[in-house]
Amino acid sequence: MPDLQRLTDAAVNKLLTEHALLHELLEEADRVTIEADSADGLLLGLQELREMMHEQFAREEYGGYLQETVTIAPRYSTECEQLRHEHRLLLSDIDAMLDDLTHDPDGTLGTFHVRFREFTTRYLNHEHHENAVVQKALDDDIGVGD
Ligand SMILES: [Fe+2]
């Protein structure tokens, strides 16, 4: 099924490109968390990050790799469901950071850099999990196919 393979390659390439864009934003946000002496800059950066992540997760879920993976390899649907769940958790992590920066900026700033690093690690683990599921589904599909 050459069409399926072409579609899937496109979804994987798109996924990797979007991950690279988010890495740049995460690095930028990391720099801001080191230098920040007020919550204002952080709030703006985090809001931008949240918006980008929200859009990326939506693309992954609707018409992106998650939907494709379930279509070509339904046995990964539980793992895909877990990845969707992780999207919700990551967004609520950002919401909690935004909330704390808004309501208790002084109390939040002191430990914010560490907290943001932990969030970045959770995000990167999610991404790693995501790439691994897509790779497994692709390998299986190619293995079983023609
Ligand atoms: Fe994701």
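If you place +1 on the Cβ of every Lys and Arg, -1 on the Cβ of every Asp and Glu, and leave all else neutral, what size is the dipole of the range 5-91 about its Cα centre, to the nearest 20 Debye?
Roughly 540 debye for the range 5-91.
Which value at 222 nm does the chain reach when only helices count, each DSSP H run of 4 or more adding -39,500 (n - 2.57), with the total divided by all residues and rounded to the nearest 500 deg cm²/dmol? The partial results should precede the final answer.
Working: 6 runs with 130 residues, N = 146.
-31000 deg cm²/dmol, from helical runs alone.
Please state the shape class of the range 2-144: rounded when a/c is under 1.5, otherwise prolate if a/b exceeds b/c and oblate if not, all from the C-alpha gyration tensor. Provide the component values of the computation, followed by the final result.
Numbers: a/c = 2.96, a/b = 2.54, b/c = 1.17.
Verdict is prolate for the range 2-144.
Taking a ≥ b ≥ c as the square roots of the eigenvalues of the Cα gyration tensor of the range 26-89, is the shape rounded (a/c under 1.5), prolate (a/b larger than b/c) or oblate? Intermediate results must be reported in sequence, preceding the final value.
Working: a/c = 3.84, a/b = 3.21, b/c = 1.20.
Prolate.
Only the coordinates and a few stated rules stand behind these numbers; no lab work does. All figures in this text were calculated on a predicted structure; none of them were measured in a lab. We place every Cβ from the backbone using ideal geometry, glycine too, and count neighbours over all the protein chains shown.
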